[in-house]
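One structure below.
The values are calculated or read from the model by the stated rules, or taken from the named source; none is laboratory data. All figures in this text were calculated on a predicted structure; none of them were measured in a lab. Here Cβ is always computed from backbone atoms with ideal geometry, including for glycine, and neighbour counts include all displayed protein chains. Only protein heavy atoms, including side chains, enter the accessible area calculation; ligands, DNA and RNA are left aside. Shrake-Rupley method; radii C 1.70, N 1.55, O 1.52, S 1.80 Å.
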Amino acid sequence: MGGRRGRRGAILAGTVAAAVLASGTGLWATDSRPFRDSYCWGAWEQNSGAPFLGDDGLARSGSERRATESAPPSADRHRASCTVTVTSTVPDDDSDEPLRFKEQVTVEYGPVPSDAEEHHAWTGRYFHGSASRLPDGLDGLVAGDRAMLVLPTACDVDGRPSTVTIRSESTGNGHLGRLAMPFTIGSRPEVARMLLDAANTGMRNAGCAPGKPLRVTSPFVTIAEDDESAGSPLCRIPGVTFGFGPGSRYREQVGVVDGRLQTCSVVWKAPGTPDEPAAQYVMAGDPRMAALFAGLPEGAGHGLVRTECNGRPTVFYGNVGSGMKGSGRPDDRRVFENFTESVSRRIGCGAGEGA
């Protein structure tokens, strides 16, 4: 009797195991929970929106997706990062060696860099003129290849605001060497979802999450224009004038232009080089956005003026890289002062404010 019960139990266990296996196979095939691949402390999942996380991201031959991540944020660990990378190879018609491609998306959690040079580079990357303002009262910017969100004050570290950022990088490596390539993660709504998923996950781990997860439901006000040849005045801001030599490859991007934010970026366009700003001008009139500039040297000579405009803390910021330094007309400092005065008039600063 006991033997028959044992055999029945084994058969039943085998049947259940087969059913679970079949069910699991179905779940994997349809990319449903619980077998979907997840990345970056569980913030992102395979096929969760952006093409980079879906099947389109593995379209090339031999594609493989991997993630490397630090320990997640915590109450005592204020910085964390994670990188998701897709590598692939394709035949090279001009070489016996294949072309090797690498696309990666990096998310970082923590306060802005304390080093001034790194802080300038960070500002150039995330206040880029290609980015749109996040809707629904969220303090941040999103483009197809980068994004930034300022977290609530509960997440501040030693009085400094914390942020979550996303950036993409892509390279191709073949007989011509390693070259940077353009790479779009997804549409603005798709990248915004990735940004907020990472932010909500990070804040939960750090113990500073708000009562409700951050979400975007309203449409984006997209940038009306693509980049264009750098003109005079730059980004159509009166008085922001540079002398560009013959054969210049400088391109400008008019970014957000509203009552509390204005962005303008200039890049040197050349094949195989990243599109990071050679010069940049920002007006930030939201308290949380303005706080991101804390710690940088202040004064017109340093390209940073902090003031109050219509009762709001407002920052005017300008940074000219080494390639353009000294090409302002009549000089770089006066160009920054012209920017401050022009934008102050546009947003209706009171007499004496914004100067």
Convert each backbone phi in the stretch 75-82 into a coupling constant with the Karplus relation 6.51 cos²θ - 1.76 cosθ + 1.60 (shift: θ = phi - 60°), then list the ³J(HN,Hα) values in order as whole Hz, x for Gly and Pro.
4, 9, 10, 8, 10, 8, 8, 8
Relative to the longest principal axis of the C-alpha atoms of the chain, give the angle of the C-alpha long axis of helix 188-206, reported between 0 and 90° and rounded to the nearest 10°.
70
Estimated FRET transfer efficiency (ASP136, SER95; beta-carbon r; R0 45 Å; 0.05)
0.35
Long-range amide H partners of MET181, meaning residues 5 or more apart or on another chain whose placed amide H is closer than 5 Å, are SER170, THR171, GLY172
Check THR314: other-chain or 5+ apart residues with amide H under 5 Å from its amide H, H built from backbone geometry?
THR307, GLU308, CYS309
Arrange the peptides 292-298, 128-134 so that the one whose residues have, on average, the most other Cβ atoms within 10 Å appears first.
128-134, 292-298
For the stretch 251-260, in residue order, the Karplus 3J(HN,Hα) values (coefficients 6.51, -1.76, 1.60; θ = phi - 60°; whole Hz; Gly and Pro = x) are 10, 10, 10, 6, x, 5, 9, 9, x, 10
So for the stretch 218-355, using the alpha carbon gyration tensor with a ≥ b ≥ c as root eigenvalues (a/c under 1.5 gives rounded; past that, a/b versus b/c decides prolate or oblate), I'd call it prolate
Over the stretch 72-119, average the accessible area per residue using a 1.4 Å probe and give it in Å², no decimals.
54
Tell me, what HN-Hα J-couplings in whole Hz come from the Karplus equation 6.51 cos²θ - 1.76 cosθ + 1.60 at θ = phi - 60° for each residue of the stretch 295-309, using x for Gly and Pro?
x, 7, x, 10, x, 4, x, 9, x, 8, 10, 10, 8, 10, 10
Using packing as a proxy for protection, rank 262-268, 111-117 so that the peptide with the highest average count of other Cβ atoms within 10 Å comes first.
262-268, 111-117
Relative to the longest principal axis of the C-alpha atoms of the chain, give the angle of the C-alpha long axis of helix 332-347, reported between 0 and 90° and rounded to the nearest 10°.
80
Rounded to two decimals, what ratio of Rg to Rh does the chain give with C-alpha atoms and a Kirkwood Rh?
1.09
So, for the stretch 147-280, what is the accessible surface per residue at a probe of 1.4 Å, expressed in square angstrom?
47
Tell me the carbon and sulfur percent of the accessible area for the chain, rounded to whole percent, probe radius 1.4 Å.
52
Relative to the first principal axis of the alpha-carbon coordinates of the chain, what is the inclination of helix 2-30, with its axis defined by its Cα atoms, in degrees from 0 to 90 and to the nearest 10?
30
